[in-house]
Structures are given as C-alpha cells and as structure tokens.
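Just below is one structure, and these are the notes that go with it.
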Amino acid sequence: MWEIRDDEAAVITGKFDTNRGFAIDLSHVTISGCCVGCRR
Ligand SMILES: [Zn+2]
C-alpha cells in the first residue's frame with residue numbers, strides 16, 4: 001500500500017469537484033489498478 005501525493009490528490013479531487021460537484025474524502029478512497037511492477 002502507498003498513499004498518493006498531495007499534488008496527485010489535488011488533481012483527482014479537483015476534477016471530481018469541477019466536473020461533478022463531488023467532494024472526495026481521501027481518507028476513505030481506494031484506487032485500484034496496476035503498479036509499475038504489475039504492468040510489465
Ligand atoms: Zn502491482
């Protein structure tokens with residue numbers, strides 16, 4: 001597990017806020033996907 005950086009979080013929360021008027025609670029959000037190791 002790792003945490004996204006503040007600048008990355010700002011991009012994500014900013015997009016949702018702008019596009020959807022949705023305020024993300026980052027303390028409860030989980031982003032699933034593939035890390036660099038998985039993608040090889
Ligand atoms: Zn991975």
Residues (surrounded by 10 or more Cβ atoms within 10 Å (Cβ to Cβ), in contact with a helix residue (DSSP H, G or I) (Cβ under 7 Å, 6 or more places away or on another chain) and part of a loop (DSSP other than H, G, I, E, B)) located in segment 20-40: Phe22, Ile24
Pairs where the first residue, in segment 13-34, is among the polar types (S, T, N, Q) and the second is surrounded by 10 or more Cβ atoms within 10 Å (Cβ to Cβ), C-beta under 8 Å, 6+ apart: Thr13/Ile24; Thr13/Leu26
Residues within segment 7-40 that are of a type in the set (Gly, Ala, Ser), away from the ligand (no atom under 16 Å from the Cβ) and over 13 Å from the mean Cα position of the chain (by Cα), tallied: 1
Filter pass, Glu3 being under 11 Å from the mean Cα position of the chain (by Cα) and within 16 Å of the ligand (Cβ to nearest atom): yes
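No lab work stands behind these numbers, since they all come straight from the coordinates. For clarity, every value in this text was computed on a predicted model and none was experimentally measured. Neighbour counts run over all protein chains shown; Cβ positions are idealised from the backbone, glycine included.
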